[in-house]
Each structure stands twice: as structure tokens, then as C-alpha cells.
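Working notes for the structure below.
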Amino acid sequence: MRLEVITDPAEISSWSLQQQRSGNSVGLVPTMGALHAGHLGLVERAGSEVDRVVVSIFVNPTQFGPNEDLDAYPRTMEEDLRMLEAQGIAAVVFAPRVEGIYPTPSNKTWVTVDDMGNYLCGASRPGHFKGVTTVVSRLLTMVQPDRAFFGLKDAQQFLILKRMAQEMGFRTAIVGVPTVREPDGLAMSSRNRYLTERERAEAGYLSSAVGAAKNMIEHSGERNAKRVIAAMEDVLGRAKLGKTDYVEIVGADDLQPVHHLNSGATVLAAVAYYFGKARLIDNSIIVVP
Ligand code: PAF
């Protein structure tokens, strides 16, 4: 399929409407570019569920804090387009300009989801999820997709967006897609490219830590969240080159800490770790048996 690039929000809205009027369902894969195999996995999943796939590429300034890597965030549009062309699934790349998404210089209208964005990544990135929910709500309004696809590596983001779509009455189904991993378990991320060779060798401990939590809860019958967290910290502690941001077990419905792991509850075992300026995250969604 020939890949079309659209930058104008009005144009993507009418493209989408036209597709839906002709009987084609539309899927959206929102990204900030710097595409890797994880993104291509989202596109592939979208292609298996809808007739036309739109990939948005927009480095959203409002989800970066003042000391974060907005300026340094990799912008690789030519390479991204080449990858999507080669994959041959996406019909359109929607690449709006900043003024397309934020038409006034000091944006005053925000979408926020109470509490769910304050803990885990939200604790060390204040305002981050407010930026994410605001940009995604605008993308959903512009593209009006039938389905939108998000990686479960960012499980907190996925759970917040699912709640937002439900409570705001968006017609779009929010679909979570399993994390694509390197052979040693490291979750694919645009930020992996910041790692030195030695850091990269240690980065697999993040997935081992969440794997340990899953194993303890699902197979060893552990019900005490503190003991599971201690085991995750033990595994992550084998990495020597960086520092832990958080190691947590939270409820999947409210993203707040849980102490006892009740049978039937869905919890999120989550870690975040800094290697220099690269902050990596990983998690596992676990249904307590
Ligand atoms: O996960 C991301 O890449 C971003 O947070 C998203 C969903 C594209 C919003 O900018």
C-alpha cells in the first residue's frame, strides 16, 4: 500500500471519514516516531484488526518535563517512513505540526485522569500523563479511529487511556498490545538507543525483575506484596551501573499500591530504572490466581 503523509488535522479527519463511509474501519497507532520493532508490532496488530491503519508521528512537547529529553528526543522521520513503507501495512502517516495539535501558544485545555497519573512514572514525571491524555484525546478527535493501539510496555499509560476513553465516551476501542522484547527480555524502547554497551548488558534485569514477580504470584502462591517487591529489588540490584526509580505492585484499576494480593485481583508489577539519562521501564499485568 502506498504510504501517504498528512500533516493537516482537517485533512486527516476528512480522509478518515471518507474511509469509514466507504465501509473501511480505521485504526490509529499513536507514536512519537523513532520507530523500532515494537512499533511495527503495533502496526501489524492494527493491520490484522482494521481495514486502514494510520500511524501518527508527533513528539508531544507537553508530556516532557522541563529537565527531560524533549530536545534530544530522536527525530528520525525519513527512516520512520522507510520502515513503514517496507512493512507495507500503514496507509497514512499523520504527522501534525505543533500548532496543529496546540493551536494557541499557551494551551489552557487539558484532559486529566485523577490520581492514576500521580504514582509510578507520574511521581517522577509530574504532568507527564496530563500531556499524554491531552494529546491522545486530540488525536482521537481528529482521526476518529474505530480502534487505537498502545504497547503494554507502557501499561500505566494504557490503563489511563482506557479509563479516559471510557469516561469521556470516545467511540474508539483502546487496544493493549503485548510488549515486543529483545532476546534477553529487554522491552523494545526508543530510549534503548541511549544505552552504552555495558548498560545494555545490564538492562535485561528489568524484565527479569518483573518476571520474578509474576512467577512468585502465579506459581509460588505469594500473597504479600512487600515480599514480591523485595524479590524484584533483589534482581534489579544485580544491575550496578544505574539507579532504581521505583519497584512497585499496584492495582490495575486505580494504579495505587496494594499490600495483600487478593485472589482474582489484577495487579501491575512495575519497575523503572535510570541508566544515565535513559529511564527504562518494564512491567507485567498479573491476575492473582
Ligand atoms: O507512547 C507514546 O509514544 C506516547 O506517549 C504517545 C501515546 C504517542 C502520546 O504522545
Task: Where residue 105 falls short, out of the listed (1) part of a loop (DSSP other than H, G, I, E, B); (2) in contact with a Ser or Thr (Cβ under 6 Å, 6 or more places away or on another chain) - done: (2)
Task: Total residues in segment 175-210, condition assigned to a helix (DSSP H, G or I), in contact (Cβ under 8 Å) with a residue 40 or more places away in the chain and surrounded by fewer than 16 Cβ atoms within 10 Å (Cβ to Cβ) - done: 2
Open item on the list: So residue 99 ticks every box in (1) under 24 Å from residue 127 (Cα atoms); (2) within 14 Å of the ligand (Cβ to nearest atom) but one. Which box is left unticked?
Closed with: (2)
TODO: Those residues that are in contact with a Leu (Cβ under 7 Å, 6 or more places away or on another chain) and aliphatic (A, V, I, L, M), I need them from segment 119-174; list them, please.
DONE: 120, 136, 139, 143, 148, 155, 159, 174
Open item on the list: Which of the strands (runs of 3 or more DSSP E) found entirely inside segment 1-88 contain at least 3 residues meeting this: not aliphatic (A, V, I, L, M)?
Closed with: 26-31
- [ ] Please go through segment 119-145 and pick out each residue that is over 16 Å from residue 14 (Cβ atoms) and either assigned to a loop (DSSP other than H, G, I, E, B) or of a type in the set (Asp, Glu) (or both).
- [x] 119, 120, 125, 126, 127
Open item on the list: Which pairs turn up if I take residues in segment 153-174 that are under 14 Å from residue 140 (Cα atoms) and within 12 Å of the ligand (Cβ to nearest atom) and look for partners that are assigned to a helix (DSSP H, G or I) and of a type in the set (Gly, Ala, Ser) with beta carbon separation below 6 Å, at least 6 apart in sequence or on another chain?
Closed with: 174/165
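Since every read-out is calculated from the coordinates, none of them should be taken as a lab result. Only a predicted model underlies this, so the values are computations on that prediction, with no experimental measurement involved. In this analysis, Cβ positions are derived from the backbone assuming ideal geometry, glycine residues included, and neighbour counts consider all displayed protein chains.
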